[in-house]
Amino acid sequence: MLELRLRDGTRCAFPYSWLGTVTYDPSHGITLRFVGDVTYVVTVTGSNLNSPVKGNVTLYHHGLLRHRVLWLREMDAAELLAVPEGGTTIDAIIVERHDEIAP
């Protein structure tokens, strides 16, 4: 499961088995499409989302694509300010539900 922790205290989790297309665009963030009985599009915005976090491990390539990330959390203003230059930040996580039946 990938758990999403929002700043307002809301949490939701999606099974990796539902994970379809994952897109990384440095100017827009990471988009994950979870396809089950309902389709959800999750957009993660921030900075340096494909930069090394620990050693040479990256959030996008080594983490999400390999199903190794347990949770993602929106950072508050104080946390964002404390990140060193070039560090990875998660500014927002947007979860959109699409009520179409997955093909």
Q. Inside the range 27-45, can you point out the residues that are within 14 Å of H98 (Cα to Cα) and in a strand (DSSP E or B)?
A. L32, R33, F34, V35, T39, Y40, V41, V42, T43
Q) Does the range 23-40 hold any residues that are in contact with a Leu (Cβ under 9 Å, 6 or more places away or on another chain), more than 21 Å from M75 (Cβ to Cβ) and among the β-branched types (V, I, T), and which are they? A) T23, V35
**Q.** H62 being touching a helix residue (DSSP H, G or I) at 6+ places or on another chain (Cβ under 8 Å) and not hydroxyl-bearing (S, T, Y)
**A.** no
Q) Considering the range 19-74 alone, what residues qualify as being of a type in the set (D, E, K, R) and surrounded by 15 or more Cβ atoms within 10 Å (Cβ to Cβ)? A) R33, E74
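The rows are residues; the columns are (1) at negative phi; (2) at pLDDT below 95; (3) out of contact with any Lys or Arg (no Cβ under 6 Å at 6 or more places or on another chain).
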| residue | (1), (2), (3) |
| --- | --- |
| L2 | yes, no, yes |
| Y16 | yes, no, yes |
| D25 | yes, no, yes |
| T45 | yes, no, yes |
| S51 | yes, yes, yes |
| G55 | no, yes, yes |
| G86 | no, yes, yes |
| I93 | yes, no, yes |
Q.
Can you find a residue that is free of Cβ contacts under 8 Å to residues at least 12 places away in the same chain, in a loop (DSSP other than H, G, I, E, B), more than 18 Å from L2 (Cα to Cα) and over 12 Å from the mean Cα position of the chain (by Cα) anywhere in the range 49-65?
A. yes
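The values are calculated or read from the model by the stated rules, or taken from the named source; none is laboratory data. This is a predicted model, so every value here is computed, not measured. Cβ atoms come from the backbone with ideal geometry, glycine included; neighbour counts cover every protein chain shown.
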